[in-house]
Amino acid sequence: MTHRSTSTSWSSKLLAPILAGLLGLPVVFAGGAALLSPSLAKADVTEASCRIHAVEATKDGDGTIPPELEFLSDQLKAPEFSQYTGVRLMESKDFRLEIGKVVDQKFKSGHNVKLTLLGGEEGKLELQTELMRASTSVVKINLLLRIAQVVMIPVRRGEQAIIFAYQCKA
């Protein structure tokens, strides 16, 4: 006689929050399955501000990082960006966020950045961002950022990339 357990195994109970932590999204257990739900973000933080830098990265350059991008030096030298030897700051924009409200700004690169504060708690912010080009969504992602952390989202454009660097605070 075989016995089937209908309860969730200890490994799936353990792995779900670990995976969700890596993805930066809150976890809800429903019938033993882990559901990642951005609508359940903690709302201790109701206002935040972000500065988003649009950085053009090209394959033709000498590897020098200009002074205005020195704060991104470590990230720009990381393996995932090593193919780009030329970088320049295209522009920076400030976003004032209120919980649940979408802020949409157009960048010189032709991209629109939509940013929404989902919530947060001491030292962390939960955001949703969508990068659009010509009314088409290129990237849509939920982020969990620590205060003063920089998150970079690259968008390829031919042989170059536009890197959107997010810095936020509550």
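Readers should treat all values here as calculations from the given coordinates under stated rules, not as data from a laboratory. Here the structure is a predicted model, which is why all the values come from computation and not from measurement. Here the Cβ is made from the backbone with ideal geometry for all residues, glycine too, and neighbour counts use every protein chain on show.
Please get the size of the charge dipole for region 47-169, origin at its Cα centre, with Cβ charges of +1 on Lys and Arg and -1 on Asp and Glu, quoted in debye to the nearest 20.
340 debye
Could you check the spin-label model distance between E121 and R96? Points 7 Å from the Cα along Cα→Cβ, value in nm.
Here the modelled spin labels are 2.9 nm apart.
Which of the lysines could a cross-linker bridge to K93, judged by Cα under 20 Å and excluding same-chain residues fewer than eight apart?
K101, K106, K108, K114, K140, K169
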